[in-house]
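The values are calculated or read from the model by the stated rules, or taken from the named source; none is laboratory data. What you see is a predicted model, and the numbers here were worked out from it, not measured in a lab. Here the Cβ positions follow ideal geometry from the backbone for every residue, glycine too, while neighbour counts run over all protein chains shown.
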């Protein structure tokens, strides 16, 4: 049989084990809760940062949309200004004979020989019923450098819109004198409502050949 002392010792040991287990559990749960709280705070801070970035992205997006809208408005304004200026420019340039004379003067100034030329009745430009296109067909001859300069000046310094619609080098590329021959079609444009006044007043009622 157990003595009283043994019983007391067993009880103390049992209670001690229980107390130790309780302490361990308290420490464990305390540590877990602390870790969970720290993780929760970190997640909350991360979420707050994401929300801040989202709000900033929304603001940036709205600002960019505003800038795009302003750019669109400026483009529309510029397009209207260009169209208005283009129309006004064409109204002042409805003399076909003057255009031919300008080409001839430019060629003479650059020592370019115009061998022959024809011009066609003006017709509506492709894809447009607002502008008339006048085509001047010519064959020119001269040194390469002067021909190149002639082409550049025709398109850039005639005081009106001019384009080289077609270009063909006539063989040989250069003759014995170092000159090249080229067939050109030069086009300029006029507003249709203003150019009709010239049909009965000029010699453009038929295709002519100039000597």
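Tabulated results
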{"quantity": "Count of region 146-159 residues which are out of contact with any helix residue (DSSP H, G or I) (no Cβ under 7 Å at 6 or more places or on another chain) and either surrounded by 12 or more Cβ atoms within 10 Å (Cβ to Cβ) or at pLDDT 90 or above (or both)", "calculated": "7"}
{"quantity": "Test: residue 133 is out of contact with any helix residue (DSSP H, G or I) (no Cβ under 9 Å at 6 or more places or on another chain), surrounded by fewer than 19 Cβ atoms within 10 Å (Cβ to Cβ) and assigned to a strand (DSSP E or B)", "calculated": "yes"}
{"quantity": "Among the candidates 114, 103, residue that is assigned to a strand (DSSP E or B) and at pLDDT 80 or above", "calculated": "114"}
{"quantity": "Answer residue from region 171-211, given it is assigned to a strand (DSSP E or B) and modelled with pLDDT under 90 and is surrounded by the most Cβ atoms within 10 Å (Cβ to Cβ) among those", "calculated": "190"}
